[in-house]
1. Tell me yes or no: at least one residue of segment A:207-223 is acidic (Asp, Glu), more than 12 Å from A:Ala50 (Cα to Cα), at pLDDT 95 or above and touching an Asp or Glu at 6+ places or on another chain (Cβ under 9 Å).
2. Determine whether A:Thr175 is part of a helix (DSSP H, G or I), touching a residue at least 60 places away in the same chain (Cβ under 8 Å) and among the polar types (S, T, N, Q).
3. Kindly indicate the residue of segment A:239-287 that is among the hydroxyl-bearing types (Ser, Thr, Tyr), surrounded by fewer than 21 Cβ atoms within 10 Å (Cβ to Cβ) and under 22 Å from the mean Cα position of the chain (by Cα) and also farthest from A:Phe204 (Cα to Cα) among those meeting that condition.
4. Within segment A:117-128, identify whether any single residue is within 18 Å of A:Gly346 (Cα to Cα) and of a type in the set (Phe, Trp, Tyr), and answer yes or no.
5. In the list A:Pro57, A:Pro18, which residue meets the criterion of being crowded, with 18+ Cβ neighbours inside 10 Å, of a type outside the set (S, T, N, Q) and within 14 Å of chain B (Cβ to nearest Cβ)?
6. Need pairs with beta-carbon distance below 7 Å; first residue in contact (Cβ under 8 Å) with a residue 60 or more places away in the chain and within segment A:339-351, second in a helix (DSSP H, G or I) and surrounded by fewer than 24 Cβ atoms within 10 Å (Cβ to Cβ); sequence gap 6+ or separate chains.
7. Test of understanding: among A:Leu178, A:Leu171, which residue is buried (at least 22 other Cβ atoms within 10 Å of the Cβ) and in contact with an Asp or Glu (Cβ under 9 Å, 6 or more places away or on another chain)?
8. So, A:Thr159, is that one part of a loop (DSSP other than H, G, I, E, B) and in contact (Cβ under 8 Å) with a residue 12 or more places away in the chain or not?
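The values are calculated or read from the model by the stated rules, or taken from the named source; none is laboratory data. Treat the numbers as computed from the prediction; the structure is a model and nothing was measured. Glycine also receives a Cβ, built like all others from the backbone with ideal geometry; neighbour counts cover every protein chain displayed.
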Amino acid sequence: MRAPLPRIVITGLGLTAPNGKSLAEFRANLLAGVARISEIDVRYMGRYPAGVCSFDPLRYQKKKDVRVGTRAGSIGVYCAREALADSGIAVDALVKDRTGVFIGITEHGNVETENEIFNISKYNYDTKFWTHYHNPRTVANNPAGEVSLHLGSTGPAYTLGAACAAGNVGLIHATQMLRLGEVDLAICGGVSESIQTFGIFAGFKSQNALGSHPTDINRSSRPFDKSRNGIVISEGGCLYTLERLDDALARGAKIYAEISGYCINSDATDYVLPNPVRQAECVRKAIAHAGLAPSDIHLVNTHATATPMGDIQECESIRAVFGADCPNTYINNTKGYIGHCMGAAGALELAGNLPSFTDLTVHPTINVTELDPQCDLPGLVINQPKKIERLDTILNNSFGMLGINSTLIVKRFVA
Amino acid sequence: MTKAECHKLVLDIISDIAPDEDLSNVKPDVRLRDQLQLDSMDFLDIVMELRKRHGIEVPEADYMKLANLDSCAEYLIPKFAAQGK
């Protein structure tokens with residue numbers, strides 16, 4: 001008989017979102033219904049709504065490191081340092097070779113490549129003006145590598161490319177590495193610098209998938225609203241410290257939650273369009289992996305990005321799993337506040353809901369003026385926070401292009 | 001271009017590529033790497049900025065001539081002079 005797997009717990013987190021650079025600020029804004037979307041200049045395209053973070057990179061990095069590195073690297077360093085501080089682990093006390101860094105990314109390198117092409121355009125495209133920093137900035141492991149360089153951690157440090165499912169994937173991979181005994185501390189989650197690449201904006205625009213609002217920029221992202229018209233691209237990051245329960249208890253760590261179950265699967269049907277059957281399968285498998293039934297899930301955070309079709313398809317998958325037999329299951333969404341933080345989305349959205357274990361409050365899905373009937377899910381919390389009597393489990397969905405689906409379930413920690 | 005002007009030109013570049021460094025007391029006859037936190041990538045930055053800002057090419061074989069401010073001046077002043085500066 002197989003020995004039980006080690007229990008894995010969340011002992012710290014650091015984040016930067018467009019509407020908050022700490023969990024306390026982020027959560028307060030989620031409960032108060034405060035969205036923060038800006039208008040930015042996108043190279044070659046003009047002004048578009050985007051989620052912009054306001055953290056100070058120089059809080060932890062030197063000016064030179066900010067200049068030489070990438071925005072994703074700076075986001076990673078900020079979130080890692082905040083997470084370590086939150087967990088009560090001093091950087092100097094890290095067991096360097098037993099610390100792993102696992103960061104989910106939607107993409108990396110577009111920003112830096114576009115910047116260099118723009119730079120050499122000013123020199124008649126003469127490549128002798130191409131920066132020697134191009135390769136270290138654009139290698140796919142860059143954000144994790146910058147965290148490792150900053151911390152001096154010498155264990156495994158790499159990114160996981162998983163489109164917009166990446167934030168969950170970072171946490172899931174870290175859980176697996178801890179259970180395998182490959183590391184003793186995992187710094188994990190997701191980051192995104194995507195607002196600095198015009199290519200992402202232009203690509204979504206060509207898909208007719210960029211969100212906007214005629215009068216109120218903070219309503220540009222409105223999942224489940226009948227008038228939703230697409231994604232607001234955002235930057236952000238959220239990294240957690242994960243540890244095996246025994247280690248966390250031994251050092252008297254604060255415990256936010258326990259990893260309960262997860263699943264990553266693939267649609268294998270389309271480059272872009274989601275497949276609700278495979279999404280539902282992913283959610284069911286995660287629930288089974290946690291040893292739970294759908295009715296045991298108290299809060300579902302949806303991935304819905306406010307595209308007309310994607311939201312309906314996710315609602316279809318959620319209906320298929322939870323049906324009408326889960327009266328204690330509530331559903332919300334975070335993208336109305338912060339847009340789509342891409343590789344950071346799953347990790348950030350989970351963080352925004354973790355305080356629910358303490359305050360027994362579900363933050364609402366905002367910007368819903370007229371609920372799309374096809375998105376009218378039982379238990380959907382819209383526009384006002386909802387106090388509930390019991391909240392022991394959170395299920396976090398994150399899906400991405402090329403049909404990658406991820407579902408992560410965390411539960412209230414009980415010794 | 002005077003020696004002092006050339007020192008200033010090089011220090012201006014260094015202030016951009018190593019913005020955390022205090023450049024107020026850089027000794028002109030001491031290796032830059034011995035008094036500042038500069039690595040090989042930073043020296044490539046100095047070479048790149050001389051190319052971008054001043055149209056000066058420094059072949060790899062001459063990199064050693066950028067070791068300190070005085071050697072920079074000795075090497076660069078004739079190149080600027082060739083440009084009529």
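1. Of segment A:207-223, the ones acidic (Asp, Glu) are A:216.
From the residues that got through so far, the ones that are more than 12 Å from A:Ala50 (Cα to Cα) too are A:216.
Filter once more, keeping what is at pLDDT 95 or above: A:216.
Right, trim to touching an Asp or Glu at 6+ places or on another chain (Cβ under 9 Å) and you get none.
No: zero hits.
2. Details: part of a helix (DSSP H, G or I): yes; touching a residue at least 60 places away in the same chain (Cβ under 8 Å): yes; among the polar types (S, T, N, Q): yes.
Spelling it out, A:Thr175 is indeed part of a helix (DSSP H, G or I), touching a residue at least 60 places away in the same chain (Cβ under 8 Å) and among the polar types (S, T, N, Q).
3. For segment A:239-287, the residue satisfying everything is A:Ser266.
4. No.
5. The conditions single out A:Pro57.
6. A:Ala351/A:Leu23
7. After applying the criteria, what remains is A:Leu178.
8. On the way: part of a loop (DSSP other than H, G, I, E, B): no; in contact (Cβ under 8 Å) with a residue 12 or more places away in the chain: yes.
No; evaluated as a whole, the condition is false for this residue.
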